[in-house]
Amino acid sequence: MNWKQIFDDPDRVGQAEYRAIHETVADAVLGTDKPGPDAPLSANDLELIGCMLGEFQEWAACLAARLGRHHLLVIWNDAKPELLGPFASEKKRDDKAREIRNGPDGKNHGLYRVSAQPPVAPIIYPYTGGFFETDD
């Protein structure tokens, strides 16, 4: 097995995170951050790469959990954007949206749900018209 079989050419990927992982693993295993694609790998190298990638995966999961999935995008007076959160749950995010909507000038602010689950790009949803209506 060689380096290219595990890591494809990082120049084609263009992702900063991928490049950082690629360079960190390459430096630790092969002593260089730019190994050739045919750099041979021993059984010990493969074991070390597997361990490092496993740790990176755990770190990424912890980071994703810390970042949270539930945010609220507020466009104050339909002019100044601010991202609030993360919130521990959809309910807490939605409660904050209701609090803002029911506050001073609440109807002048744009309120949008933001779902973020790294590494996927965040998705922004408007609240439906009836969301802020109350039964009283």
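Would you say ASP45 is surrounded by 10 or more Cβ atoms within 10 Å (Cβ to Cβ) and at pLDDT 85 or above?
yes
Name the residue, out of PRO126, PRO86, that is under 28 Å from GLN57 (Cα atoms) and not small (Gly, Ala, Ser).
Matching residue, one of PRO126, PRO86: PRO86.
The values are calculated or read from the model by the stated rules, or taken from the named source; none is laboratory data. What you are looking at is a predicted structure, and each value in this text was computed from that prediction instead of being measured. So basically every Cβ, Gly included, is an ideal-geometry build from the backbone, and we count neighbours across all protein chains shown.
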